[in-house]
Amino acid sequence: MKRTQNILLILAIIALTVFPLLYVQKPAPDAEGNVAEIFAGADDKAKDLVSVINPDYTPWFESLMEPASGEIASLLFALQAALGAGFIGYYLGVSVTRERMQREAQMRAEKKLRAD
């Protein structure tokens, strides 16, 4: 039963990952004929809006590395989020384990005092 349940969960995760990628449709070009990117983020939209509001605006600095495409940028963002979540999970696990070990040491010390 547990093996079947695990297989079904894995298949559900694969389906939830693959189906959106299969059924996503590329947005139609805008009025000026510019083709919209599927994976364009808020940074790109903000940059476009700033150039519309103030065409003479010059950026303060340039990026150290420009990803090859929107998909690569999304991958890097997801990797950053996963690493952050891993760090937070590790920190919480260490904190809980440390607290549990301190509680157990305190209980052992109290038992030892009662026994004496």
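Quick grid of which residues meet (1) at pLDDT 90 or above; (2) in a helix (DSSP H, G or I); (3) among the aromatic types (Phe, Trp, Tyr):
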{"position": "VAL18", "(1), (2), (3)": "yes, yes, no"}
{"position": "GLU32", "(1), (2), (3)": "no, no, no"}
{"position": "ALA85", "(1), (2), (3)": "yes, yes, no"}
{"position": "LEU113", "(1), (2), (3)": "no, yes, no"}
Original post:
Where residues in the range 85-116 are of a type in the set (A, V, I, L, M) and under 17 Å from the mean Cα position of the chain (by Cα), which of them is nearest to ASP43 (Cα to Cα)?
Top reply: ALA85
**OP:** Name the one entry in ALA82, ALA46, ALA73 that is within 21 Å of the chain's Cα centre (by Cα) and more than 21 Å from ALA36 (Cβ to Cβ).
**Re:** ALA82
Original post:
Consider VAL52 against the criteria (1) surrounded by fewer than 10 Cβ atoms within 10 Å (Cβ to Cβ); (2) at pLDDT below 90; (3) assigned to a helix (DSSP H, G or I): it satisfies all of them except one. Which criterion is unmet?
Top reply: (2)
Original post:
Given the conditions (1) touching a residue at least 12 places away in the same chain (Cβ under 8 Å); (2) surrounded by 10 or more Cβ atoms within 10 Å (Cβ to Cβ), which single one is not true for GLN80?
Top reply: (1)
Original post:
Within the range 44-67, is there a residue that is in contact with a Pro (Cβ under 7 Å, 6 or more places away or on another chain) and under 25 Å from VAL24 (Cα atoms)?
Top reply: no
Subject >> Selection within the range 56-71 - within 17 Å of ASP44 (Cβ to Cβ), out of contact with any helix residue (DSSP H, G or I) (no Cβ under 7 Å at 6 or more places or on another chain) and either hydroxyl-bearing (Ser, Thr, Tyr) or assigned to a helix (DSSP H, G or I) (or both) >> reply: SER63, SER69, GLY70, GLU71
**OP:** Those residues that are hydrophobic (A, V, I, L, M, F, W, C) and either surrounded by 10 or more Cβ atoms within 10 Å (Cβ to Cβ) or more than 21 Å from the chain's Cα centre (by Cα) (or both), I need them from the range 55-70; list them, please.
**Re:** TRP60, PHE61, LEU64
Subject >> Boolean, SER74 is part of a helix (DSSP H, G or I) and in contact (Cβ under 8 Å) with a residue 24 or more places away in the chain >> reply: yes
Subject >> Filter result for ALA46 (of a type in the set (A, V, I, L, M) and either part of a loop (DSSP other than H, G, I, E, B) or touching a residue at least 12 places away in the same chain (Cβ under 8 Å) (or both)) >> reply: no
Subject >> Hits in the range 1-41 (condition: out of contact with any helix residue (DSSP H, G or I) (no Cβ under 6 Å at 6 or more places or on another chain), within 22 Å of PHE77 (Cβ to Cβ) and of a type in the set (Gly, Ala, Ser)) >> reply: ALA36, GLY41
**OP:** Among the residues of the range 29-43, count how many are under 23 Å from the mean Cα position of the chain (by Cα) and among the charged types (D, E, K, R).
**Re:** 2
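The values are calculated or read from the model by the stated rules, or taken from the named source; none is laboratory data. Just so it is clear, the model here is predicted, and its values are computed rather than measured. So basically every Cβ, Gly included, is an ideal-geometry build from the backbone, and we count neighbours across all protein chains shown.
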